[in-house]
Amino acid sequence: MPVESIFHRLEALLPKVQKPIQYVGGELNSTVKDWDSAEVRWALMYPDAYEVGLPNQGVAILYEILNELPGTLAERTYAVWPDLEALMRAEGIPQFTVDAHRPVRAFDVLGVSFSTELGYTNMLTALDLAGIPLTAADRGDDDPIVLAGGHAAFNPEPIADFLDAAVLGDGEQISIAISEVVREWKAEGRPGGRDELLMRLAESGGVYVPKFYDVDYHPDGRIKRVAPNRADVPWRVHKHTVMDLDEWPYPKKPLVPLAETVHERFSVEIFRGCTRGCRFCQAGMITRPVRERSITTIGAMVENGVKESGFNEVGLLSLSSADHSEIADVAKGLADRYEGTNTSLSLPSTRVDAFNIDLANEFSRNGRRSGLTFAPEGGSERMRKVINKMVTEEDLIRTVTTAYSQGWRQVKLYFMCGLPTEQDEDVLGIADLAKKVIKAGRDITGSRDIRCTVSIGGFVPKPHTPFQWAAQADHETVDRRLKALRDSLRGDKQYGKAIGFRYHDGKPSIVEGLLSRGDRRVGAVIRAVWESGGRFDGWSEHFSYERWMAAAEQAGVDVAWYTTREREENEVLPWDHLDAGLDREWLWQDWQEAVTGGEVEDCRWTPCYDCGVCPTMGTEIQIGPTGRKLLPLTVV
Amino acid sequence: MQRLRVRYAKRGRLRFTSHRDISRAVERAVRRAGIPVAYSAGFSPHPKISYAGAAPTGVASEAEYLEIGVTTPCVPEQVKLGLDGSLPPGLDVLDVVEAGPGGLADRLEVSDWEVRLPGADRELAEVAVEKFLAASTVDVERLTKKGPRRFDAREAVLRLVVSEGTDRTAAQVQGRPCVILRMVVRHMTPAVRPDDVLTGLRLVADFAPPVPPEVTRLAQGPLDASTGALADPLDLDRDTTRGGEAGPAGEHVAG
């Protein structure tokens, strides 16, 4: 069946919309493969605006890997803004890919990458525009398999009705495996239709197919059990772990957009996973164990990426980049290589210690020393023990003093509000800390020209973390504490003017909490929000708390029950049948230790504390040092 | 410091690039191509690339110009190949010369525009053009960043003719007849753009095309007062730096 580009129809609409370039594709290093000669066709969606979705590493990596397979084709699609959505509806133009502007419904698989739950409504818009029934049960053999991935897929239950399947963990190998299953099934003449294809995927234990699992509830609303409703479907579905990152040095051909995007740089993931054990951090829990990319591969990827893209900034990504076992050599080696080239280096995720300043100094050789960011996360020593973020006030003051003394002018501090056991004084402690930071900076520099910005986010308890049982703070409490903090900062005559304060109100966190720890019954809320016009929930100008609450009421869903209610040890959680490798007993024990202030060390440097991941998943910590160094490049 | 003057086209779907999009793309292409671009001094060094009179977002062009400062002398033909190969297809480098004396922007006196109006009525178009040209002034209003602004769209229009061709871009069914306006417009302040002229046609004769027009800048440059023709603005550079080797003609086929 020939599939035609819809571009000629779209083109007439583009003069009427904002930033039309985001819809035309044609990025450097993008790929358009021949439709008819491909056996398996993927549409990969990042369910947010192009400017956010294009730099997403997950989509970029899978796009490249799938397109490298001879019989497989992959194109990208993003959420269209409401102005274009309205025009597309009026003209009957379907959701399209930006690569060859093919209608999304014509693909075999629609893979949607969820970094956050706030993209759920955008997926519904895309499905609807594509002409794909919203509910998986209504889909026929001509509809693509709608497949979710990304961190939010570790609890896909709220969107279970809309999904055919979900995949947990690293996508590189499993996407190839899925492609092969689809190819075989198609080559055999699609035996058993859609149902058999899903069955073949589910049997492996590596792909979650929600419809093959039934959820029973207790009369009080708690889940009684989640059980497969077919033979050969495993009780639990496991996450995927790529063990050797050096074998997967993607992106090799970075996409370079014409439109402006949120990250204008070439990014290299220097390691995956984190075992610092911060109890609030879902990413750190679900991506274990730590697997480093070697210094040699990092160097080669940076060299290639800069050459292929022309970007003038390189980001070394990971959950805590300064923890790479050879980060000092990586930093020095890259700084040497790119000194004087106007190529700048950045290390986005950093921790509080002086070593970090040395790294930042290396990376700022080419440019100015403007701002450094640290994340103590908790305002008081007690709070930081609860979340297992082991930074003392002394550490922080010593670190910022070093930073200010070496010419850094601004320090940004990240915190959270609404953490378990938090009291008003824990949040007010942030103000004291910020004032001490400014005082230390003024003392060491003898200058008043230094600043500190406090940036604070609302804590949302996440699945597969020790805080998965915790009660989320209600938004009134969060707002009250934030207001008290703001007053304390602004009211300070001596230091107030040197401290910036950035925060959001507590309401969006409640919706995020509902979606994070929700079960299948929350799907009705998402659908009702979408039907009443909910779009782009990650954008404050589009997000409406009232719309979410009204939809919850309409669907008979008690938001507080899902968010501010603490769970008992034995309550079946909606994601218990999805295996991130973490031992449930260990998580519970760690939750209990959080409340009593017990600390957990990092298992990279201390003995294993049995979180359960490595034995369950057959994985192991993979870190250096390799002892290698980066050699100078002959031609820069 | 050697300065290179570049003529480039934005074609097809890349006509939806904004000026800022193009400047980012050019900066990256310059790095990819390994052109030894000079940087400004100071805290945040910027590559020395300057642009002259960029066509608006959504408008295609066969004649956009920019100037690159380089730290070591380059062979223009090599820069042309390198830069073109490093830019995405649709941003195409057509000509590179070493800058001679005199500013480039001063030479870009007029633009030659092609405006395709799919589905428009040719007779109505001709009547409207006739009325427009017969008027001494045609005041139009355009929403600018500073709010609505009224100005005369007539004086800047040196030439305006109606012809007919077939649809070229993908927006319409290939091969269907299509009204084409050709207009030579003098660069003034405020700038009179083809859509201002279309607004003028609507005002004088109620002429309104059914779908958005497809606009292409075919050329810009100095006006030869004796012939009324447009000259290649880079010829002057070629005359002074290479002794008058001919460049490409003024018109290219839009992609």
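The values are calculated or read from the model by the stated rules, or taken from the named source; none is laboratory data. From a predicted model like this one, the values you see are computed outputs, not experimental measurements. Virtual Cβ from ideal backbone geometry, glycine too; neighbours counted across all protein chains shown. Protein only, heavy atoms only, side chains kept; ligands, DNA and RNA dropped before computing areas. Shrake-Rupley method; radii C 1.70, N 1.55, O 1.52, S 1.80 Å.
Quick one: 3J(HN,Hα) in Hz for the range B:179-186, Karplus 6.51/-1.76/1.60 with θ = phi - 60°, rounded, Gly and Pro as x.
In residue order, the calculated couplings are 6, 10, 9, 10, 9, 9, 10, 6 Hz.
Name the long-range amide H neighbours of A:Glu313: under 5 Å, sequence gap of 5 or more, or other chain; modelled H, no Pro or chain starts.
A:Phe266, A:Ser344
Using Cα atoms only, what is the angle between the long axis of helix A:507-516 and the major principal axis of chain A, expressed in degrees (0 to 90) to the nearest 10?
Tilt relative to chain A: about 50 degrees.
Show log10 I(q)/I(0) for the range A:235-280 at q = 0.15 Å⁻¹, two decimals, from a solvent-free Debye sum over equal Cα scatterers.
Each listed q corresponds, in turn, to -0.70.
Taking all protein chains in place and a 1.4 Å probe, what share, in percent, of the accessible surface of the range B:110-221 do carbon and sulfur account for? Before the final figure, lay out the partial values.
On the way: 2730 of 5490 Å².
Heavy-atom surface of the range B:110-221 belonging to carbon and sulfur, 1.4 Å probe: 50 percent.
Percent of Cα-Cα pairs per 10 Å bin, from 0 to the last occupied bin, for the range A:55-179, please list those.
Result, from short to long distances: 12, 45, 37, 6, 0 percent.
Going down the table (A:Lys412/B:Lys146; A:Lys389/A:Lys412; A:Lys389/A:Lys493), which pairs top 27 Å between alpha carbons? All intermediate terms of the calculation are to be shown ahead of the outcome.
Working: A:Lys412/B:Lys146 36 Å; A:Lys389/A:Lys412 17 Å; A:Lys389/A:Lys493 31 Å.
As for pairs spanning more than 27 Å Cα to Cα, those are A:Lys412/B:Lys146; A:Lys389/A:Lys493.
Below 8 Å between Cα atoms, with a sequence gap of 6+, how large is the relative contact order for chain A in percent?
Working: 1232 pairs, mean separation 91.0, N = 636.
It rounds to 14 percent for chain A.
Please work out the C-alpha center-to-center distance from the range A:169-193 to the range A:484-504 and express it in whole Å.
55
Specify the longest stretch of chain A that does not include any exposed loop site, a site being one of the chymotrypsin sites (Phe, Trp or Tyr not before Pro) with a non-H, G, I, E, B DSSP assignment and at most 15 other Cβ atoms within 10 Å. Before the final figure, lay out the partial values.
Working: sites that count: A:Trp235, A:Trp539, A:Trp605, A:Tyr609.
So the longest stretch without any such site is A:236-538.
Just tell me how shielded B:12-25 is by partners: mean number of partner chain Cβ atoms within 10 Å of each residue's Cβ, no decimals. Intermediate results must be reported in sequence, preceding the final value.
On the way: counts 4, 12, 4, 6, 13, 6, 6, 0, 4, 7, 2, 0, 9, 6.
Other-chain Cβ atoms within 10 Å of each residue's Cβ, averaged: 6.
Could you tell me the relative contact order of chain B? Use alpha-carbon pairs under 8 Å, at least six residues apart, and round to a whole percent.
Values: 518 pairs, mean separation 60.9, N = 255.
So the answer I get is 24 percent.
Quick check on the range A:7-231: of the DSSP beta bridges with both residues there, what percent are antiparallel, nearest 5%?
Working: 7 of 25 bridges.
Around 30 percent of the beta bridges assigned by DSSP in the range A:7-231 are antiparallel ones.
Quick check: Cα centre of the range A:5-77 to Cα centre of the range A:374-450, how many Å?
Cα centroid of the range A:5-77 versus Cα centroid of the range A:374-450: 43 Å apart.
Using a basic spin-label model with each label point 7 Å from the Cα along Cα→Cβ, how many nm lie between B:Ala105 and B:Ser163?
A separation of 3.3 nm, rounded to one decimal place.
Keeping all protein chains in position, work out how much accessible area A:Asp395 exposes to a 1.4 Å probe, and write it in Å² to the nearest 10.
40
In what sequence, largest accessible area first, do A:Glu601, A:Glu377 appear using a 1.4 Å probe? Can you show the working numbers first?
Details: A:Glu601 100, A:Glu377 30 Å².
My answer, sorted largest first, is A:Glu601, A:Glu377.
Ignoring ligands, DNA and RNA, what accessible area per residue does the range A:366-449 give at 1.4 Å, in Å²?
On the way: 3450 Å² over 84 residues.
Result: 41 Å² per residue.
Compute for chains B and A the buried accessible surface, both sides summed, probe 1.4 Å, and express it in Å² to the nearest 100. If you can, show how the numbers build up before the last one.
Values: alone 12850 and 25120 Å², together 35640 Å².
For chain B against chain A, roughly 2300 Å² becomes buried.
Given points 7 Å out from each Cα along the Cα-Cβ axis, report the A:Asp505 to B:His19 separation in nanometres with one decimal.
About 3.9 nm separates the two model spin labels.
Separation between the B:Thr227 and A:Ala177 pseudo-spin-labels, each 7 Å from Cα along Cα→Cβ, expressed in nm?
Rounded to a tenth, the inter-label distance reads 7.1 nm.
For chain B, treating each Cα as an identical point scatterer without solvent, what Debye log10 I(q)/I(0) comes out at q = 0.10 1/Å?
Values, matching the q order: -0.53.
Would you calculate a helix-derived [θ] at 222 nm for chain A, using -39,500 (n - 2.57) for each DSSP H run of n ≥ 4 and dividing by the full residue count, to the nearest 500? It would help to have the intermediate numbers written out before the result.
On the way: 21 runs with 222 residues, N = 636.
Mean residue ellipticity at 222 nm (helix-derived): -10500 deg cm²/dmol.
³J(HN,Hα) across the range B:127-136 via Karplus (A = 6.51, B = -1.76, C = 1.60, θ = phi - 60°), whole Hz, x for Gly/Pro?
Those phi angles translate into 4, 5, 4, 4, 5, 4, 5, 6, 6, 7 Hz.
Using Cα-only point scatterers and the Debye equation, what is log10 of I(q)/I(0) for the range A:411-470 at each q in 0.28, 0.29 Å⁻¹, rounded to two decimals?
Once normalised to I(0) and log-transformed, intensities are -1.13, -1.17.
Return the FRET efficiency for the residue pair A:His542, A:Thr392: r is the Cβ-Cβ distance, R0 is 41 Å, and the value is rounded to the nearest 0.05. Mind dumping the intermediate values first?
Numbers: r = 41 Å, r/R0 = 0.99.
Once the sixth-power term is evaluated, E becomes 0.50.
With every protein chain in place, what's the accessible area of A:Cys614 (1.4 Å probe, Å², nearest 10)?
40
Of all accessible surface on the range A:7-231 at a 1.4 Å probe, what whole percent is carbon and sulfur?
Working: 3510 of 7090 Å².
C and S fraction of accessible area: 50 percent.
Please list, ordered by chain and number, the residues whose modelled amide H lies under 5 Å from the amide H of B:Asp95; skip anything fewer than 5 residues away on the same chain.
For B:Asp95, whose amide H was placed from the backbone, the distant partners under 5 Å are B:Arg7.
Using the Kirkwood formula over every pair of different C-alpha atoms, what hydrodynamic radius in Å results for the protein assembly as shown? Let's see the in-between values first.
Values: mean 1/r = 0.0330 Å⁻¹.
One decimal place: 30.3 Å for the Kirkwood radius.
What's the Cα-based Rg to Rh of the range B:110-221, Rh via Kirkwood?
On the way: Rg = 13.7 Å, Rh = 14.3 Å.
Ratio of gyration radius to Kirkwood radius for the range B:110-221: 0.96.
Keeping every protein chain present and rolling a 1.4 Å probe, give me the accessible area per residue for chain B in Å².
Values: 11660 Å² over 255 residues.
With all protein chains present, chain B gives 46 Å² per residue.
Can you list the residues of the range A:1-27 whose accessible area drops by at least 50 Å² going from the chain on its own to the full set of protein chains, with a 1.4 Å probe?
So the qualifying set is A:Glu11, A:Ile21.
Which order do A:Lys389, A:Lys332, A:Lys16, A:Lys239 take when ranked by solvent-accessible area (1.4 Å probe, heavy atoms of all protein chains), largest first?
Working: A:Lys389 40, A:Lys332 100, A:Lys16 120, A:Lys239 15 Å².
Accessible-area ranking of A:Lys389, A:Lys332, A:Lys16, A:Lys239, largest first: A:Lys16, A:Lys332, A:Lys389, A:Lys239.
Over the range A:257-383, what is the relative contact order in whole percent, taking alpha-carbon pairs under 8 Å and six or more residues apart?
23
Relative to the isolated chain, which residues of the range A:247-262 have their accessible area cut by 30 Å² or more in the presence of all protein chains (1.4 Å probe, heavy atoms, no ligands or nucleic acids)?
By number: A:Leu258, A:Glu260.
Which cross-chain or sequence-distant (5 or more) residues have an amide H under 5 Å from the amide H of A:Lys412, H modelled 1.01 Å from N in plane?
Distant-sequence amide H within range of A:Lys412: A:Leu372, A:Thr373, A:Phe374, A:Thr453.
Enumerate cysteines in chain A without a disulfide-compatible partner, where compatibility requires another Cys Cβ under 4.7 angstrom.
When partners are defined as cysteine Cβ atoms under 4.7 Å apart, chain A leaves A:Cys274, A:Cys417, A:Cys452, A:Cys603, A:Cys608, A:Cys611, A:Cys614 without one.
Give the calculated FRET efficiency between A:Ala227 and A:Glu601 to the nearest 0.05, with a Förster radius of 45 Å applied to their Cβ-Cβ distance.
Details: r = 38 Å, r/R0 = 0.84.
Plugging the Cβ-Cβ distance into 1/(1 + (r/R0)^6) gives 0.75.
Do you know which residues of the range A:308-337 lose at least 50 square angstrom of accessible area in the protein assembly compared with their chain on its own, with a 1.4 angstrom probe?
In the range A:308-337, residues shielded by partner chains: A:Gly310.
Using a Förster distance of 22 Å, how high is the FRET efficiency between A:Ile444 and A:Ser370, based on the Cβ-Cβ distance and rounded to 0.05? Don't skip to the end; give the middle numbers.
Values: r = 18 Å, r/R0 = 0.81.
In this case the efficiency is close to 0.80.
Give a residue-ordered list of calculated ³J(HN,Hα) values for the range A:478-486 (Karplus: 6.51 cos²θ - 1.76 cosθ + 1.60, θ = phi - 60°; whole Hz; x for Gly, Pro).
So the J values, rounded to whole Hz, are 4, 5, 5, 5, 5, 5, 4, 5, 4.
Viscosity 1.306 mPa s, temperature 10 °C: give me the Stokes-Einstein translational D for the range A:7-231 in µm²/s, with Rh taken as the Kirkwood radius over C-alpha pairs.
Values: Rh = 18.0 Å.
Value of D from the Cα-based Kirkwood radius: 88 µm²/s.
How much accessible surface area, in Å² rounded to 10, belongs to the heavy atoms of B:Leu158 with a 1.4 Å probe?
80
What is the sum of charges, Lys and Arg at +1 and Asp and Glu at -1, for the other residues whose Cβ falls under 15 Å from the Cβ of A:Val306?
Numbers: positive: A:Lys252, A:Lys253, A:Arg265, A:Lys307, A:Arg337, B:Arg28, B:Arg31, B:Arg32; negative: A:Glu264, A:Glu303, A:Glu308, A:Glu313, A:Asp336, A:Glu339, B:Glu27.
Net charge in that neighbourhood comes out at +1.
In Å, what Kirkwood hydrodynamic radius results for the range A:434-503 from the alpha-carbon pair distances? Each step should come with its number before you reach the end.
On the way: mean 1/r = 0.0708 Å⁻¹.
Evaluated over the range A:434-503, this radius sits at 14.1 Å.
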